[in-house]
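Visitor: What follows is a structure written as structure tokens; I'll ask about it next.
The values are calculated or read from the model by the stated rules, or taken from the named source; none is laboratory data. Everything quoted here is computed from the prediction, not taken from an experiment. Cβ placement follows ideal geometry from the backbone for every residue including glycine, while neighbour counts extend to all protein chains displayed. With ligands, DNA and RNA removed, areas are computed over all heavy atoms of the protein, side chains included. Shrake-Rupley method; radii C 1.70, N 1.55, O 1.52, S 1.80 Å.
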Amino acid sequence: MATAPKEAENAIGLEEIHMERQEPPKAQKTFTVEEAVETIGFGRFHIALFLIMGSTGVVEAMEIMLIAVVSPLIRCEWQLQDWQVALVTTMVFFGYMVFSIVLGLLADRYGRWKILLLSFLWAAYFSLLTSFAPSYIWFVFLRAMVGGGVSGHAQGLIIKTEFLPTKYRGYMLPLSQVFWLAGSLLIIGLASVVNPTIGWRWLIRIASIPGILLILVFKFIPESARYNVSTGNMAAALATLCRIAKMNGAAMPEGVLREPAKERRGRFKDLIHPKYLRTTLQIWIIWLGIAFAYYGVILASAELLERDLVCGSAAPPVQDPGDDSEESRSPCHCHLFGPTAYQTMIISTVGEIALNPLNILVINFLGRRLSLCITMGCTALFFLLLNICTSSTGTIGFLFMLRALVSANFNTIYIYTAEVYPTTMRALGMGTSGSLCRVGAMVAPFISQVLMNASFIGALCLFSSVCVVSAISAFTLPIETKGRALQVCI
């Protein structure tokens, strides 16, 4: 009878030993991706990341701005009315809107890098096809497909955001605007040379080259370590972090990388989770308003130049002295850009970088919400000032400031959206925001190119009102992301 208690005691002892072997030593240290990113810090890897992923902005700007410099030529070639010219831009953003949600969903489930590569291949292919469009209908369809591909370029920003240490996000992400500016200036400069000589079809072909070249250097950028961890691929995440540490000449944190895998990734219902519902709705309003204002300024600038609108009244088209092309003397309803018009577009476009240093300071000192509220409010004011009867220099000055302000708005909302959502739905959050953004962009052409011809002050008041609503939404956002670590899950 005495042996029974001993056997039970031995069994318990063996079970305890077995459990101790399964459990990791209590003294063993662990770290997360967030801690690793902060420990490794900023270095050579991030500079390469900034240059390669930032260059996606060059390609996106060229494809989006292309319509503004091609519109006068296709209007003349196919004898288009105002609404038909506006429809081209609207369909580009319709393609962007639809694909933005789909690609954001896929990026959260299958990876940011894969979707970024796919989007570049897609956009380059359809952009080249556009240059062979035999008719207006084909041109509209193919540009809509290009818009769908361009929507995936946002994954470049997400990859940058997920690799940057917290204190550098507020400085490095706004600097990406330099690449958008470079793309905008490049397409305007190319158009001033190519359009009058070999035509708009060759302009589209040449504009496709940067996107094709950029695809070749994507292999130097790894998949997001945060994404790999969310899928349970610890080995890939650790290898990426070790590679970054080696490039930066920094040490990895002590211990073992350990984070639970997230089964729930890229789910729409997470966007309207009670914790994020109000934030999501207000972000959508802001994105819509910013895109409406941004593309409204771009298209309104082109329309003012094309139709020589002065003080809100339409003057008869006057041929640019520097434009002696045969098309400019054709009897069809068109007025092609000359050297002076291209110079004005370049000056106003440079405005996009004018407030960038100030915008970076405000974002980092006042926070994302207050910064966005201020710039949106100023945008509303300058839209109204555009109605003042002034000289061409004064009008260019107003356009310059508008481009600077709307660019600052985009800088801030991009940063805020990428920071406010957790890893499990960051790409989807950006995708849905980008989709709503394109709703504003789809409406803008009809206001800038149709309503503006009927009521100049009416169009400006509409742009200004939308900016005021967006400013209020920005001021009342429930979460401030300044100095806040990126969240992993809800």
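Visitor: Among the candidates Thr417, Thr395, Thr424, Thr412, which residue alone is polar (S, T, N, Q) and either open to solvent by 10 Å² or more (accessible area, probe 1.4 Å) or closer than 25 Å to Val85 by Cβ (or both)? Walk me through it before giving the result.
Guide: On the way: Thr417 fails: either open to solvent by 10 Å² or more (accessible area, probe 1.4 Å) or closer than 25 Å to Val85 by Cβ (or both); Thr424 fails: either open to solvent by 10 Å² or more (accessible area, probe 1.4 Å) or closer than 25 Å to Val85 by Cβ (or both); Thr412 fails: either open to solvent by 10 Å² or more (accessible area, probe 1.4 Å) or closer than 25 Å to Val85 by Cβ (or both).
Of the residues listed, the single one that is polar (S, T, N, Q) and either open to solvent by 10 Å² or more (accessible area, probe 1.4 Å) or closer than 25 Å to Val85 by Cβ (or both) is Thr395.
Visitor: So, one more: If I filter region 338-351 for residues that are open to solvent by less than 10 Å² (accessible area, probe 1.4 Å), farther than 14 Å from Ile298 by Cα and at pLDDT below 85, do I get at least one hit?
Guide: Looking through region 338-351, at least one residue is open to solvent by less than 10 Å² (accessible area, probe 1.4 Å), farther than 14 Å from Ile298 by Cα and at pLDDT below 85.
Residues are listed down the side, and each one gets a yes or a no for (1) under 30 Å from Met65 (Cα atoms); (2) surrounded by fewer than 20 Cβ atoms within 10 Å (Cβ to Cβ):
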{"position": "Ile187", "(1), (2)": "yes, no"}
{"position": "Ile198", "(1), (2)": "yes, yes"}
{"position": "Arg201", "(1), (2)": "yes, yes"}
{"position": "Gly211", "(1), (2)": "yes, no"}
{"position": "Tyr227", "(1), (2)": "no, no"}
{"position": "Asn233", "(1), (2)": "no, yes"}
{"position": "Leu241", "(1), (2)": "no, no"}
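Visitor: Does Ile490 satisfy being surrounded by fewer than 21 Cβ atoms within 10 Å (Cβ to Cβ) and at pLDDT below 85?
Guide: yes
Visitor: Could you list, in sequence order, the residues of region 450-471 that are in contact (Cβ under 8 Å) with a residue 40 or more places away in the chain, open to solvent by 10 Å² or more (accessible area, probe 1.4 Å) and farther than 11 Å from Gly289 by Cα?
Guide: Those that are in contact (Cβ under 8 Å) with a residue 40 or more places away in the chain, open to solvent by 10 Å² or more (accessible area, probe 1.4 Å) and farther than 11 Å from Gly289 by Cα: Val450, Asn453, Phe456, Ile457, Cys461.
Visitor: Let me ask something additional. Tell me yes or no: at least one residue of region 358-371 is under 14 Å from Phe398 (Cβ atoms) and in the same structural domain as Cys467 (by the TED database). It would help to see each step written out before you state the result.
Guide: Going residue by residue through region 358-371, those that are under 14 Å from Phe398 (Cβ atoms) are none.
So far as region 358-371 goes, no, none of its residues is under 14 Å from Phe398 (Cβ atoms) and in the same structural domain as Cys467 (by the TED database).
Visitor: Can you find a residue in region 110-118 that is touching a Pro at 6+ places or on another chain (Cβ under 9 Å) and farther than 22 Å from Leu288 by Cβ?
Guide: yes
Visitor: Follow-up. Based on this model, can you work out whether Ile47 counts as out of contact with any Ser or Thr (no Cβ under 9 Å at 6 or more places or on another chain), over 18 Å from Phe120 (Cβ atoms) and without any contact (Cβ under 8 Å) to a residue 40 or more places away in the chain?
Guide: For Ile47, the condition - out of contact with any Ser or Thr (no Cβ under 9 Å at 6 or more places or on another chain), over 18 Å from Phe120 (Cβ atoms) and without any contact (Cβ under 8 Å) to a residue 40 or more places away in the chain - is met.
Visitor: Would you mention how many residues in region 43-83 are touching a helix residue (DSSP H, G or I) at 6+ places or on another chain (Cβ under 7 Å), assigned to a helix (DSSP H, G or I) and surrounded by fewer than 17 Cβ atoms within 10 Å (Cβ to Cβ)?
Guide: Result for region 43-83: 3.
Visitor: Just to be sure before I move on: is Ile215 within 24 Å of Ile52 (Cα to Cα) and in contact with a Ser or Thr (Cβ under 8 Å, 6 or more places away or on another chain) in the structure I sent?
Guide: Here the answer is no, as Ile215 does not meet what is asked.
Visitor: Leu436: aliphatic (A, V, I, L, M), closer than 26 Å to Pro174 by Cα and open to solvent by 10 Å² or more (accessible area, probe 1.4 Å), yes or no? It would help to see each step written out before you state the result.
Guide: Values: aliphatic (A, V, I, L, M): yes; closer than 26 Å to Pro174 by Cα: yes; open to solvent by 10 Å² or more (accessible area, probe 1.4 Å): yes.
So Leu436 passes the test.
Visitor: Give region 126-151 a look and list any residue that's open to solvent by 80 Å² or more (accessible area, probe 1.4 Å) and touching a residue at least 12 places away in the same chain (Cβ under 8 Å), or say none. Give the steps one after another, and end with the answer.
Guide: First, the residues of region 126-151 that are open to solvent by 80 Å² or more (accessible area, probe 1.4 Å): 132, 134, 137-138, 141.
Within region 126-151, Phe132, Phe141 qualify.
Visitor: Residues in region 147-165: is at least one under 28 Å from Gly43 (Cα atoms), of a type in the set (Phe, Trp, Tyr) and assigned to a helix (DSSP H, G or I)?
Guide: First pass over region 147-165, keeping only residues under 28 Å from Gly43 (Cα atoms): 152-165.
Filter again for of a type in the set (Phe, Trp, Tyr), leaving 163.
Imposing the further condition that a residue be assigned to a helix (DSSP H, G or I) reduces the set to 163.
Within region 147-165, one or more residues are under 28 Å from Gly43 (Cα atoms), of a type in the set (Phe, Trp, Tyr) and assigned to a helix (DSSP H, G or I).
Visitor: I would also like to ask the following. Could you check Ala261 against (1) more than 21 Å from the chain's Cα centre (by Cα); (2) of a type in the set (A, V, I, L, M); (3) at pLDDT 85 or above and say which number it fails?
Guide: (3)
Visitor: Kindly establish whether Thr412 is modelled with pLDDT under 80, closer than 23 Å to Ser151 by Cβ and out of contact with any Gly (no Cβ under 8 Å at 6 or more places or on another chain). So that I can check it myself, show each step before the final result.
Guide: On the way: modelled with pLDDT under 80: no; closer than 23 Å to Ser151 by Cβ: yes; out of contact with any Gly (no Cβ under 8 Å at 6 or more places or on another chain): yes.
No.
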